[in-house]
1. Compute a Gaussian network model of the chain, connecting alpha carbons closer than 10 Å, and tell me which residue from Thr88, Thr56, Thr109 fluctuates the most.
2. Give the separation of the Cα centroids, segment 49-98 to segment 1-24, in Å.
3. In nm, what is the difference between 0.36 nm times the number of residues separating Thr56 and Arg191 and their Cα-Cα distance?
4. Going by the alpha-carbon gyration tensor, a ≥ b ≥ c the square roots of its eigenvalues, is segment 3-180 rounded (a/c under 1.5) or, if a/c is not under 1.5, prolate (a/b greater than b/c) versus oblate?
5. What do you get for the angle between helix 129-138 and the principal long axis of the chain? Use alpha-carbon atoms, 0 to 90 degrees, nearest ten.
6. Is any residue of segment 90-111 close enough, with backbone N under 13 Å, to a label point placed 7 angstrom from the Cα of Asp18 along the Cα-Cβ axis, and if so, which?
7. What's the longest piece of the chain with no exposed chymotrypsin sites (Phe, Trp or Tyr not before Pro), counting a site as exposed if DSSP puts it in a loop and it has at most 12 other beta carbons within 10 Å?
8. How much mean residue ellipticity at 222 nm does the chain get from its helices, if each DSSP H run of length 4 or more adds -39500 (n - 2.57) and you divide by all residues, to the nearest 500 deg cm²/dmol?
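Only the coordinates and a few stated rules stand behind these numbers; no lab work does. Remember, predicted model here, so these are calculated numbers, not experimental data. All Cβ positions, glycine included, derive from the backbone under ideal geometry; neighbour counts span all protein chains shown.
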Amino acid sequence: MTKLKATVVSVHAGSNDDMSKQEHASIDVELDGIVGDAHRSYSRKTWAGDKQAEGTVRRNERQWSAVSVEELADIQDAMDLVDPPTPTELGANLCLSGISELSRLPKGTVLRFPSGAELLVEEYNPPCHDMGKKLAETRATRSGNPLSSTSFSKAAKLSRGIVGVVEVAGVINTGDAVEVELYATPTWLIRTDD
């Protein structure tokens with residue numbers, strides 16, 4: 001079982017119309033999601049791109065989202081931005097440091113926090129077009145060239161972060177150390193020729 005270490009740089013929650021979230025010193029996580037957050041629920045309606053018909057009520061695998069400072073810097077470079085995109089404007093609940101390829105954490109990976117809170121990774125969080133349009137309208141490039149509405153989608157294709165569900169309730173604070181236990185197939189499920 002592989003374990004990584006990370007640090008919570010910032011925590012966010014909210015339900016703004018522009019998809020952004022407010023930064024807080026700490027957030028409370030319950031089994032149905034983050035207290036005070038728009039994505040708090042056991043269920044959600046599907047949208048275009050989901051496997052079920054749009055509008056179908058399904059299990060909410062997106063109770064929280066996380067980005068890393070390392071991947072935000074990669075997005076900044078790929079988009080030629082003066083400043084990196086912020087977790088607040090990207091609508092992330094957590095910003096972590098210490099994991100350069102956060103978006104590649106496998107489903108089933110567990111993030112453990114000092115309070116006992118545990119978050120379970122469900123999947124990679126693909127960039128959305130609406131957020132790309134917003135960034136194109138509000139962000140400046142180092143070169144002075146304008147951004148297209150697809151610049152963010154192209155730059156963040158494999159570095160937009162992760163989403164998941166709450167496994168154990170607790171509190172997550174800015175500055176918390178995070179133990180990240182990578183998912184590995186249990187040995188009893190691995191077939192051998194013996």
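1. Judging by the Gaussian network model, the answer is Thr56.
2. Answer, in whole Å: 9.
3. Details: separation 135, 0.36 × 135 = 48.60 nm, distance 3.73 nm.
The Thr56-Arg191 span can extend by a further 44.9 nm.
4. Here segment 3-180 falls in the oblate category.
5. Tilt of helix 129-138: around 40 degrees.
6. Residues passing the 13 Å test: 90-91.
7. On the way: sites that count: Tyr42, Trp47.
Excluding the exposed sites themselves, the longest stretch runs over 48-194.
8. Result for the chain: -4000 deg cm²/dmol, rounded to the nearest 500.
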